Amino acid sequence: MQLYDYLAQIYVFIQNPVRRTGFGLLYYCLPFIVSSAAVLNALLSVVATHRILISGRGNERHKSDLVAAYYHHKVQTIQIVNESLARQPNNITFDVQVAIAILGIVEYTTGSLDNAQKHMAGLQVIMDANGGTIGAPPDHYSALGIVKIANMLISNDQHDHPMNNERRMLDGILTKLPGDCHPSIPSMFHSLKHLSTTMPRNPAVTIAQQSSWLDQLNITELQMHQIIENELISQTDALTTPFVTSRVYPIAGSIFLCLWLRQLSIQSNVLDYLVDSLIYALDEIEHEQQYPSVILLWLLFVGGAAAEGRRTRQWFLGRLSNAVQTLNLDSWRRVKNVLEALPYVDECDEYLRRIWEELERSTIE
């Protein structure tokens, strides 16, 4: 299970690319990879991808070394896989099939969804030739687990999942982000969306599942804090408009996390600070022109919800009026449909509906 656990962490990492501590790849995977060059190189390619994504914009020499390692191990994996593919599908060993699944994860992580889907389609052909399995020994749970993780991440038209539909909707919205936006921002939105859809509510949820969810929440919170405090962006970049623009997202994300995921009181001093910070960040630039209209709507609704009972509520209402008109939203149902494509939980309804009702009253007056 050690290898599966590591890949499960890679799944979490894709949602939350932040630095982590621990014994590293070899500690988790050595028992498996000693006998499989394909899996070894595939996993080293994953780790190189991990390090590239969390390296930020500093130390370009170190980053170039990581990129070289990424391509080297990826090429090595592909060569081994291609040699195996010369055999009949039912003669391809299970470790090579695991390596193909990991290659799919690598391609998905680096944004090459088409290539990822091709890897998984090829793997499906091999599995079909083996009776729908990868042919691993009965006690080798990690192998099938890795394939399942790859399938969770990589959707296709034949084998789709509702969570993949939600992810594609969010991806479509996030493509409207400025090209120079910090690369951690899309990951942040996906992390919050994932936390929203997996938030423990059922009494039957185990302690281990709750702990796993809280771990992901803590990772996401740390990631947003790092962006806000300029730990992931160089001091030079901090003075540019893209940084100011990017900072708004984790501030609003932190409000969402604190108010609805951690369920802090609306009177919390933490929310006082975050609401004021969001207003300050939005006021630093012409936000209507810098932010995609759907994302701006979410930013303002989240900030406005946290500003309930505060003097800053009117600030958000004034800007929300323009945002709603821009998107031609004339009912709460339509507003909610737009907001639900972004991070959203049931508890948002009460708060956000009150904002909409205040907007309607102010329009009538």
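The values are calculated or read from the model by the stated rules, or taken from the named source; none is laboratory data. Note that the structure is a prediction, hence the values are computed from the model and not measured. No Cβ is skipped: glycine too gets one built from the backbone with ideal geometry, and neighbour counts run over all protein chains shown.
Here are the numbers for the structure shown:
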{"quantity": "Which listed residue is surrounded by fewer than 18 Cβ atoms within 10 Å (Cβ to Cβ), modelled with pLDDT of 65 or more, more than 25 Å from Asn218 (Cβ to Cβ) and not assigned by TED's automatic domain parsing to the domain that holds Leu195, from Ser35, Ser64", "calculated": "Ser64"}
{"quantity": "Inter-residue pairs, beta-carbon under 8 Å, first closer than 16 Å to Lys118 by Cβ and in segment 74-103, second surrounded by 21 or more Cβ atoms within 10 Å (Cβ to Cβ) and of a type in the set (Ser, Thr, Tyr), 6+ apart", "calculated": "Lys74/Ser45; Thr77/Ser45; Ala99/Thr77; Ile102/Ser45; Ile102/Thr77; Leu103/Ser45; Leu103/Thr77"}
{"quantity": "Residue satisfying condition, being surrounded by 22 or more Cβ atoms within 10 Å (Cβ to Cβ) and either in contact (Cβ under 8 Å) with a residue 60 or more places away in the chain or closer than 25 Å to Leu170 by Cα (or both), within set Leu327, Leu339, Leu320, Leu261", "calculated": "Leu320"}
{"quantity": "Unique residue being closer than 20 Å to Asp114 by Cβ, modelled with pLDDT of 70 or more and outside the structural domain of Val98 (by TED's automatic domain parsing) when the list is Pro186, Pro178", "calculated": "Pro186"}
{"quantity": "Set Val98, Val47, Val12: member being in contact with a helix residue (DSSP H, G or I) (Cβ under 6 Å, 6 or more places away or on another chain), assigned to a helix (DSSP H, G or I) and at pLDDT 85 or above", "calculated": "Val98"}
{"quantity": "Residue within segment 148-155 that is within 20 Å of the chain's Cα centre (by Cα), hydroxyl-bearing (Ser, Thr, Tyr) and modelled with pLDDT of 75 or more present", "calculated": "no"}
{"quantity": "Given (1) closer than 14 Å to Phe256 by Cα; (2) free of Cβ contacts under 8 Å to residues at least 40 places away in the same chain, index of the condition Arg353 fails", "calculated": "(1)"}
{"quantity": "In segment 104-114, the residues that are buried (at least 16 other Cβ atoms within 10 Å of the Cβ) and more than 17 Å from Leu43 (Cα to Cα)", "calculated": "Leu113"}
